[in-house]
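Asks: Sharing a structure, written as structure tokens. Questions coming.
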Amino acid sequence: MDHFKTIFGIESVKMTDFDGSPSGRKEFLCWNTPYKDPGDSGSGRGDTMAEAARLFCQLILRGVRVIAFCRIRKGCEALVGAVKHELASLERPECMARVMGYRGGYTPQDRRRIENEMFEGKLMGIIATTALELGVDIGSLDAVITVGFPYTIANLRQQSGRAGRRNKDSLSILVGDCFPTDQYYMQNPDEIFTKPNCELQVDLQNILVLEGHVQCAAYEMPIRPDEDSVYFGKNLPDIAEERMTKDELGFYHCSERFRPFPSKFVAIRDTEDEHFAIVDISHGRNIVLEELEASRAFFTLYDGGIFLHQGNTYLVKEFNPERKIAKVELVRVDWTTQQRDFTDIDPVETEAIRRIPKSLSRAFYGSIKIQQVVFGFFKIDKKRRILDAVQVDNPPIILFSKGMWLDVPKQALDILVERRLNVAGSIHAAEHAILSLMPNFVVSMPGDVRTECKVPQKEFAQKESSRKRPARLTFYDAKGGAGGSGISTKAFEFIDLLLKQAVRRIEACHCHEGCTECVNSDLCKHQNEVMSKAGSEVILKSLLNMEIDIDALPMGPEESSPVGIETVVLAQPVLPRGRIVEVVEVQREYGYGDEIRIISRVDEEGVEREIRIKEEPGE
């Protein structure tokens with residue numbers, strides 16, 4: 001009800017929470033992936049995709065119409081391949097034509113064809129991402145398999161609801177992966193039914209989000225703050241005066257910074273304008289298989305790599321970033337590829353600044369430049385064993401997004417050097433600790449916000465490298481193109497609380513070198529090899545101006561971080577360009593309670609002036 005009131009700006013709302021739609025009995029099954037060695041829990045979980053494929057095939061061979069949901073696109077393609085492999089091993093290859101994958105990126109024609117075939121009963125099984133959670137009628141289904149916990153209870157319930165309509169009984173299966181969240185629900189299945197859905201967030205006080213919408217509105221019709229505040233909120237006069245263009249009649253127009261198309265600066269669906277066409281040139285076909293967003297393409301396509309489509313393997317024969325095209329050829333191989341790359345993430349313009357309370361440190365928000373270099377790839381077999389390492393010589397790929405960053409204080413660097421703790425590993429661990437806590441403050445999924453993961457080949461090298469990186473924690477929106485998705489914007493609003501939670505989590509964790517409960521991440525592209533749990537605590541406490549017990553710190557080098565040539569240098573400030581930026585310090589009296597905002601301004605030369613104080617109700 002609160003969300004509805006906020007969206008429409010009305011108070012008279014009546015809730016109807018009785019579901020009168022026809023539905024049958026639903027059985028819910030939590031199916032944990034077995035250990036690799038059934039008698040040894042330390043052997044780790046087995047192949048979740050293979051386990052899900054076995055369940056999927058046993059159901060469709062019994063006449064049960066099934067939909068399987070995977071968390072990411074790559075997982076969707078992997079499961080399609082695993083299902084086809086399982087059907088072949090069961091000597092039922094004729095069933096392969098009745099199973100299809102469905103995900104974003106497929107051409108509209110392919111998606112409509114798959115939807116129609118499922119609706120008409122021509123398909124027995126479909127393997128999809130969240131693209132089929134809602135909004136598309138694919139007819140009556142008997143069972144749902146969710147491969148790995150889908151990050152939120154709401155996602156799980158939505159997926160489970162795809163089967164069992166029209167008074168039919170149905171089955172829902174949650175297949176547990178190896179990740180901590182999955183195993184938590186495997187051990188506490190009751191919470192799947194009792195835990196409330198996440199609250200939806202609509203932040204009407206966030207200047208960075210509000211400004212984009214106001215600039216778009218002013219482009220359509222000039223704004224007069226004293227009259228239009230009823231529509232845009234009490235911050236409209238400040239936005240108009242500081243960030244818009246005023247005419248002689250007192251009307252405010254869209255700033256030149258947002259022209260000629262202000263809507264391109266505001267992402268409302270994490271959409272991107274730039275796409276790459278993936279063209280199948282097998283036997284001279286020249287047919288577009290699918291289109292891929294630019295931000296995904298650079299992490300998926302490279303000469304000599306394997307691209308998966310409907311479970312089939314295609315070899316990338318030519319990748320042309322300038323023409324935004326990749327030519328692929330169908331091949332029969334029993335291996336896939338995993339790229340090896342390093343990514344430099346650098347702020348280019350400051351748009352907002354927040355002081356960390358009781359500290360000299362600040363958090364910054366603005367435009368981020370992402371430069372990725374793919375220097376090779378691994379050939380990997382079905383058991384995840386590395387068969388070969390291939391070197392490639394690709395030009396750098398450059399993208400832009402929005403994000404936030406914190407410069408590591410010199411005091412922290414001095415302590416790390418004194419105790420011989422790996423600086424790059426300390427920064428990397430601190431970034432992971434903060435990333436893991438972002439869903440506590442904004443509805444998001446792992447991977448929505450990313451950071452600069454450190455490469456062991458560079459950080460542990462024994463020879464001098466010209467590629468020095470600033471001592472900085474940097475985070476950027478993975479979706480939404482140059483305008484970002486807004487998730488890092490919301491996290492920026494609560495950076496002080498994020499830092500405090502990260503310190504508490506690291507202090508409370510009993511591991512020695514870092515684990516998934518504190519500083520390791522399941523999404524790290526370099527397997528968390530460059531890590532220093534002790535060093536991350538030094539950085540986070542320095543940012544918060546907390547006392548650091550230097551004598552209690554371990555003396556390096558740490559076993560997991562060999563001594564190499566130092567690759568990190570002190571970060572230099574990133575100044576605003578042609579604008580005046582507010583510096584906000586929020587003093588929260590009771591955690592999330594009422595806020596006192598101390599505001600000053602920094603000009604494009606970095607000079608701070610003009611301080612004012614205002615009180616605002618908290619979240």
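Asks: Let me have the relative contact order for the chain, percent, based on Cα pairs under 8 Å that are six or more residues apart. Numbers along the way, then the final one.
Replies: Details: 1226 pairs, mean separation 65.8, N = 619.
Dividing the mean separation by the residue count of the chain yields 11 percent.
Asks: Let me ask something else about it. Using DSSP to define loop residues, name the GluC sites (Glu not before Pro) in segment 305-366 whose beta-carbon has at most 10 other beta-carbon atoms within 10 Å. Each step should come with its number before you reach the end.
Replies: Working: sites: Glu318, Glu322, Glu329, Glu349, Glu351; in loops: Glu322.
Of the GluC sites (Glu not before Pro), the ones in loops of segment 305-366 whose Cβ has at most 10 other Cβ atoms within 10 Å are Glu322.
Asks: Follow-up question, since we're still on this one. Full-extension gain between Ile7 and Arg157, please, as 0.36 nm times their residue separation minus the C-alpha to C-alpha distance. Please list the in-between numbers first.
Replies: Details: separation 150, 0.36 × 150 = 54.00 nm, distance 2.34 nm.
51.7 nm is the gain from fully extending Ile7 to Arg157.
Asks: Then there is this: Please go through segment 469-560 and write out the GluC sites (Glu not before Pro) that DSSP classes as loop and that have at most 16 other C-beta atoms within 10 Å.
Replies: Values: sites: Glu493, Glu507, Glu513, Glu517, Glu529, Glu537, Glu547, Glu558, Glu559; in loops: Glu513, Glu517, Glu529, Glu547, Glu558, Glu559.
Those satisfying the criteria are Glu517, Glu547, Glu559.
Asks: Here's a follow-up. So if I take the centroid of the Cα atoms in segment 276-297 and the same for segment 409-428, what is the distance between those two points in Å?
Replies: So the two Cα centres are separated by 45 Å.
Asks: Which FRET efficiency, nearest 0.05, do Arg259 and Met546 yield, Cβ-Cβ r, R0 41 Å?
Replies: Values: r = 45 Å, r/R0 = 1.10.
Computed FRET efficiency for Arg259 and Met546 comes out at 0.35.
Asks: Spelling out what I want: for every residue of segment 405-414, take phi, set θ = phi - 60°, compute 6.51 cos²θ - 1.76 cosθ + 1.60 (Karplus), and round to whole Hz; glycine and proline get x.
Replies: Per-residue couplings from phi come out as 8, 9, 7, 5, x, 4, 4, 5, 4, 4 Hz.
Asks: What trypsin sites (Lys or Arg not before Pro) in segment 283-383 are in a loop by DSSP, with at most 10 other Cβ atoms within 10 Å of the Cβ?
Replies: Details: sites: Arg285, Arg296, Lys317, Arg323, Lys324, Lys327, Arg332, Arg340, Arg354, Arg355, Lys358, Arg362, Lys369, Lys379, Lys382, Lys383; in loops: Arg285, Arg323, Lys324, Arg332, Lys358, Lys382, Lys383.
Here the trypsin sites (Lys or Arg not before Pro) that fit, given the DSSP loop and packing criteria, are Arg323, Arg332, Lys383.
Asks: Search the structure for amide H atoms under 5 Å from the amide H of Val519, placed 1.01 Å from N in the peptide plane, and list their residues when 5 or more places away or on another chain.
Replies: none
Asks: Further, regarding this structure: If the only charges are +1 at each Lys and Arg Cβ and -1 at each Asp and Glu Cβ, what is the size of the charge dipole of the chain around the Cα centre, to the nearest 20 debye? It would help to have the intermediate numbers written out before the result.
Replies: On the way: 80 positive and 95 negative charges, 361 e Å.
Using only the charged Cβ atoms, the result is roughly 1740 debye.
Asks: Hey, can you grab everything whose amide H is under 5 Å from the amide H of Ser361? Only 5+ residues off in sequence or another chain; H modelled, so Pro and N-termini drop out.
Replies: Here Ile356 satisfy the definition.
Asks: Lys122 to Arg504: FRET efficiency via 1/(1 + (r/R0)^6), r the Cβ-Cβ distance, R0 45 Å, to the nearest 0.05? Walk me through the numbers before you get to the answer.
Replies: Values: r = 54 Å, r/R0 = 1.21.
After rounding, the FRET efficiency stands at 0.25.
Asks: Taking K and R as +1 and D and E as -1, what net charge do the other residues with C-beta under 11 Å from the C-beta of Leu387 add up to? Kindly include the intermediate steps, with their values, before the conclusion.
Replies: Working: positive: Lys379, Lys382, Lys383, Arg384, Arg385; negative: Asp334, Asp381, Asp388.
Here the charged neighbours net out to +2.
Asks: Using helices alone, what [θ] at 222 nm do you get for the chain, with -39,500 (n - 2.57) per DSSP H run of 4 or more residues, divided over all residues and rounded to the nearest 500?
Replies: Working: 17 runs with 164 residues, N = 619.
The helix-only estimate for the chain comes to -7500 deg cm²/dmol at 222 nm.
Asks: Separate question: In nm, give the distance between the simple-model label positions of Ile72 and Gln391, each being 7 Å from the Cα along the Cα-to-Cβ direction.
Replies: Here the modelled spin labels are 2.8 nm apart.
Asks: A further question on this structure: How large is ³J(HN,Hα) for each residue in segment 216-225, as worked out from phi by the Karplus curve 6.51 cos²θ - 1.76 cosθ + 1.60 (θ = phi - 60°), to whole Hz, x for Gly and Pro?
Replies: 5, 5, 5, 5, 7, 8, x, 10, 10, x
Asks: Among DSSP beta bridges whose residues both lie in the chain, state the antiparallel percentage, nearest 5. Walk me through the numbers on the way to the answer.
Replies: Details: 79 of 113 bridges.
If we restrict to bridges inside the chain, about 70 percent are antiparallel.
Asks: Tell me, what is the FRET efficiency for Glu91 and Asp334 to the nearest 0.05, using R0 = 30 angstrom and their Cβ-Cβ distance as r? Walk me through the numbers before you get to the answer.
Replies: Working: r = 19 Å, r/R0 = 0.62.
For Glu91 and Asp334, the calculated efficiency is 0.95.
Asks: Where in the chain is the longest stretch that carries no chymotrypsin sites (Phe, Trp or Tyr not before Pro) classed as loop by DSSP and with at most 10 other Cβ atoms within 10 Å? All intermediate terms of the calculation are to be shown ahead of the outcome.
Replies: Numbers: sites that count: Phe18, Tyr590.
Formally, the longest exposed-site-free interval is 19-589.
Asks: For Asp341, what residues show an amide H to amide H distance below 5 Å, using hydrogens built from the backbone and excluding near sequence neighbours?
Replies: Counting only residues 5 or more places away or on other chains, the set is Phe375.
Asks: I would also like to ask the following. Between Glu242 and Glu27, what length in nm is gained on full extension when 0.36 nm per residue of separation is reduced by their alpha carbon distance? Don't jump to the answer; show the numbers that get you there.
Replies: Details: separation 215, 0.36 × 215 = 77.40 nm, distance 5.76 nm.
Length gained, Glu242 through Glu27: 71.6 nm.
Asks: For semi-axes √(5λ) of the Cα gyration tensor in Å, one of [x] 41, 32, 26; [y] 49, 31, 20; [z] 38, 28, 24 was computed from the structure I shared and the rest are decoys. Which label?
Replies: Label of the calculated value: [x].
Asks: Here's a follow-up. Which percent of Cα-Cα pairs in segment 1-107 sits in each 10 Å bin, short to long?
Replies: Going out from 0 Å in 10 Å bins, segment 1-107 shows 11, 29, 24, 18, 13, 5, 0 percent.
Asks: Also, quick follow-up: Output wanted: per-residue J couplings in Hz (rounded whole) for segment 148-157, from phi through Karplus 6.51 cos²θ - 1.76 cosθ + 1.60, θ = phi - 60°, x for Gly and Pro.
Replies: Each residue's phi maps through the Karplus curve to give x, 4, x, 6, 9, 4, 4, 4, 4, 5 Hz.
Where a number appears in this text, it was derived from the coordinates with a stated rule and is not lab data. What you see is a predicted model, and the numbers here were worked out from it, not measured in a lab. Note that each Cβ is placed from the backbone with ideal geometry, even for glycine, and that neighbours are counted across all protein chains shown.
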